[in-house]
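Down below is the structure, laid out as C-alpha cells.
Each reported figure results from applying straightforward, stated rules to the coordinates on display, with no laboratory input. Quick caveat: nothing in here was measured; it's all calculated off a predicted structure. Heads up, the Cβs are rebuilt from the backbone with ideal geometry, glycines too, and the neighbour counts pull from every protein chain shown.
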Amino acid sequence: MSAPAKTQALEALVEAHARELHLPAIRQRFRGLAAEAVREQQTPLAYLAALLEAEVTERSERREKRRLLDARFPIIKRLEDFRFAENPKVPQATIATLAEGSWIDDRESVILIGESGTGKTMLATALGVCACQQGRRVRFTTLAGLATELQEADSRKELARVVGRYSRIEVLLLDLCRYRDYADIVAAAGLNAMRCLGSLAVAPAGLSA
C-alpha cells in the first residue's frame, strides 16, 4: 500500500472512531492539527494534547450556548455592554464582585432598585450571562410571567413538576417586580400557586430587577 493510501486509511479510521466516541471536534480538526504538528515539529504528546483541548473547548462552548438558550433571556446583554460612565450611581466595583458569583454559592439574593430606564434589566441579564458562563443553571422571567406559569400548572395539576423544575435552577432572574402589581398578581395566580412562588423566591438564589 502506498504512503498516500495508508494516510487515507488512517484518516478514515480516526474519523470513524471519533464519530463512534462522539468526538466531533477531533473528527473535524485532527487533519489540520496533524499538519500543524508536522510543521512545528511537535511531539506526539503535544499533538494529542492539542486534539483533546480542541474537543474540551468545543464542548464547553456548546454547554454555554445551551445554558444561554435554557435561561430564556429576552436579549443577550453582557457587562462590557453596560455604560457605567453614563450611570455614575451604579457601583461598578460591586457589580464586578457580583459577576464572580460568590453570592450564588452563598444562596443570597440581589435586588436591583431604580427608576425606569436606569439599566436594571440589562444588569440583571448581564449577571445572569456571567452565571451561565460559570456553568450555572439560570432562568429569566417576569414576576407576572412566573405567576401565570404557576397558575396554569396548578390548573393542569402539574404544579409539583413545575416547582421541581424551578428548584433545580441556581439563579432565578425576576424582572418587573413592582410592589403595586403584586396584589393583582396574587389574585390572578391563585393562593396555591403563590404559595409555591414564595418558596421559589427563597429556595434558589434570586436576582430581582
(request) Can you figure out the FRET efficiency of Leu21 with Leu69, using R₀ = 30 Å and their beta-carbon distance, to the nearest 0.05? (result) 0.75
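Please report the net charge: other residues with Cβ closer than 15 Å to the Cβ of Arg83, K and R +1, D and E -1.
Details: positive: Lys77, Arg78, Lys89, Lys120; negative: Glu80, Asp81, Glu86.
Value of the local net charge: +1.
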(request) Determine the dipole magnitude for region 1-149: charges of +1 sit on the beta-carbon of Lys and Arg, -1 on that of Asp and Glu, nothing else is charged, the reference point is the Cα centre, and the result goes in debye to the nearest 20. (result) 340
(message) Just to confirm a number: summing +1 for Lys and Arg and -1 for Asp and Glu over residues other than Leu13 whose beta-carbon lies under 14 angstrom from that of Leu13, what do you get?
(response) +1
